[in-house]
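Visitor: Handing you this structure, nothing more for now.
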Amino acid sequence: MVNLIWLAMLISGIIVAAATGNIDKVTQSALEAAELGVDVGIQLIGVMSLWLGLMHIAEEAGIIGAISNFFAPVIRKLFPTLKRDSPAMGAIIMNLCANILGLGNAATPFGLKAMQELQNENDTPEIASKAMITFMALNTSCITLVPATIIGVRLKAGSQNPTEIIGTTIFATACAMFVAIVSDYIFRNRRNE
Amino acid sequence: MNIIAEISRWAIPFILFFVPLYAYVHKVPVYESFVEGAENGFKTAIKIIPFLIGMLVSIKIFVDSGALGIIIQMLSPLFDSLGLNSELLGIIPLAVMRPLSGSGALGVATQLIYEYGPDSLIGRLASTLQGSTDTTFFVLTVYFGSVGIKKYRYAVKVGLLADFVGLVASIWIVTKIFG
């Protein structure tokens, strides 16, 4: 499915550009995007190293273990296939906490770390495990208490009340998260999936 | 809501203060431990660069060429036929862009907020939508890619379904509260 979406975006983009006489734009966009990919990756080196370094300290000090134990009952309900005392649990919880607090740059390192741990427990290394899909469903629909970036934009645009959208945002995310959890549960328990 | 904002502001300094101190008291060689963990972060960041480039190139060509614009135009009548307030049509570019690209969506949201005003219906809806859903498609490809997963199974369906519900819920709540 991803291969198809990727190809469809690429091909349709080039056809539209050619038809509208914008073919130069394709070359320019491709090169810009490739450079942007490297920039994002290089920036990630810093935050990833910082957060995973800190997380490693927290692991060795037993902090992550303690937090994992605290949330374990909930996580086990959501991830029934996860092994007991799985090291993935700590990273999953850290990722969700970072998402909730709106610490986007901390969430990514923990999320990628969680994927690595889940992959270690995956019997089919090229096929996503059920636990991975549940994690992705939670991760992409997770509630953010303070959408700081957009509040900043509203403030700059001269809003009378920049934070008034926090309530509506939390409501909309809660709906999305609920559907993500339920639909993941349904798909997970369907046969032949 | 100020309390939550304050928590966000203090969270990182608190973690930076508390974790190393607590670990040191518990006899962890904090600096060495940090470096060991950081090394893993370094490797992972490098490893996802090809996935970032692959996705960004395809998405940027799709957006810049105007192909996205054509899809948005095709969606407008559908939106209309659902009997929605035609003022809300302005949100379609953001709804389509949101799962694909974080910076792209922020750009569209910012533009909508300035064009319609932050306290207009569209401005509030754009703000809500931007804050409530994630760049699902992008996140999936990068996260799965980083560990070598090729078959995503039902992950895309679940993610996009949640995004769609997020869109519908945003429209409903914003119209109800501010409409």
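Visitor: Quick one: which residues, 5 or more positions from A:Ile127 or on another chain, have an amide H under 5 Å from its amide H? H modelled 1.01 Å from N in the peptide plane, none for Pro or chain starts.
Guide: Counting only residues 5 or more places away or on other chains, the set is B:Lys150, B:Lys151.
Visitor: Cβ under 9 Å from B:Gly123's Cβ, B:Gly123 left aside: what net charge do those residues give with Lys, Arg +1 and Asp, Glu -1?
Guide: 0
Visitor: Please check: in the Gaussian network model of chain A (C-alpha springs, under 10 Å), which one of A:Glu121, A:Glu59, A:Glu35 has the largest mean-square fluctuation.
Guide: Highest fluctuation among the options: A:Glu35.
Visitor: Next question, about the same structure. Rounded, prolate or oblate: which fits chain A when a ≥ b ≥ c are the square roots of the eigenvalues of the alpha-carbon gyration tensor, with rounded for a/c under 1.5 and prolate only if a/b beats b/c?
Guide: prolate
Visitor: Going by average Cβ neighbours within 10 Å, how do the peptides A:142-148, A:23-29 rank, with the highest at the top?
Guide: A:142-148, A:23-29
Visitor: What size of dipole, in debye to the nearest 20, comes out for region B:35-134 about its Cα centre when the only charges are +1 on Lys and Arg C-beta atoms and -1 on Asp and Glu C-beta atoms?
Guide: With only Lys, Arg, Asp and Glu charged at Cβ, the dipole is about 220 debye.
Visitor: What's the average, rounded to a whole number, of partner chain beta-carbon atoms within 10 Å of each residue's beta-carbon in A:115-126?
Guide: That average works out to 3.
Visitor: Still on this structure, I have one more. Tell me, what ³J(HN,Hα) does each residue in region A:84-92 have, in order and in whole Hz, if you take phi through Karplus 6.51 cos²θ - 1.76 cosθ + 1.60 with θ = phi - 60° and put x for Gly and Pro?
Guide: 4, 6, 5, x, 5, 4, x, 5, 4
Visitor: Mind pulling the angle between the C-alpha long axis of helix A:130-141 and the longest principal axis of chain A? Nearest 10 degrees, somewhere in 0 to 90.
Guide: The two axes meet at around 60 degrees.
Visitor: Which whole number gives the average, over all residues in A:23-32, of C-beta atoms from other chains lying within 10 Å of the residue C-beta?
Guide: The mean count of partner-chain Cβ atoms within 10 Å per residue comes to 4.
Visitor: Normalised by the number of residues in chain B, what is the relative contact order in percent for Cα pairs under 8 Å and 6+ residues apart?
Guide: For chain B, the relative contact order is 19 percent.
Visitor: Rounded, prolate or oblate: which one fits region A:18-94, using the alpha carbon gyration tensor with axes a ≥ b ≥ c (rounded when a/c is under 1.5, else prolate when a/b beats b/c, else oblate)?
Guide: oblate
Visitor: To the nearest 20 debye, what is the magnitude of the charge dipole of region A:42-193 about its Cα centre, counting +1 on the Cβ of each Lys and Arg and -1 on the Cβ of each Asp and Glu?
Guide: So the dipole magnitude of region A:42-193 works out to roughly 380 debye.
Visitor: Taking beta carbons within 10 Å but only from partner chains, what does the mean come to for residues B:89-98?
Guide: The per-residue average across the peptide is 0.
Visitor: Using amide H atoms built 1.01 Å from N in the peptide plane, name the residues 5+ places from A:Leu82, or on other chains, whose amide H lies under 5 Å from its own.
Guide: It is none; the list stays empty.
Visitor: Okay, next question. Which whole DSSP H helices in chain B pass both tests: a Cα extent of 27 Å or more along the axis and a mean Kyte-Doolittle value no lower than 0.0?
Guide: B:2-25, B:155-178
Visitor: Something else now. Taking the Cβ of A:Asp85 as the centre, find all other residues whose Cβ is under 15 Å away and add up their charges (Lys, Arg: +1; Asp, Glu: -1).
Guide: Once positives and negatives cancel, what remains is 0.
Visitor: Below 8 Å between Cα atoms, with a sequence gap of 6+, how large is the relative contact order for region B:57-125 in percent?
Guide: 24 percent
Visitor: Remind me, relative contact order of region A:66-193 in percent, using alpha carbon pairs under 8 angstrom and six or more residues apart?
Guide: Relative contact order for region A:66-193 comes out at 22 percent.
Visitor: Kindly identify chain B as rounded, prolate or oblate by the Cα gyration tensor criterion: order the square roots of the eigenvalues as a ≥ b ≥ c, call it rounded if a/c is under 1.5, otherwise compare a/b with b/c, prolate if a/b is larger, else oblate.
Guide: Oblate is the answer for chain B, as a/c is 1.5 or above yet b/c matches or exceeds a/b.
Visitor: Which of B:Ser76, B:Ser33, B:Ser101 moves most in a GNM of chain B, Cα contacts under 10 Å?
Guide: Top of the fluctuation ranking is B:Ser33.
Coordinate-derived values only; no laboratory data. Everything numeric in this text was worked out from a predicted model, so none of it was measured. Cβ atoms come from the backbone with ideal geometry, glycine included; neighbour counts cover every protein chain shown.
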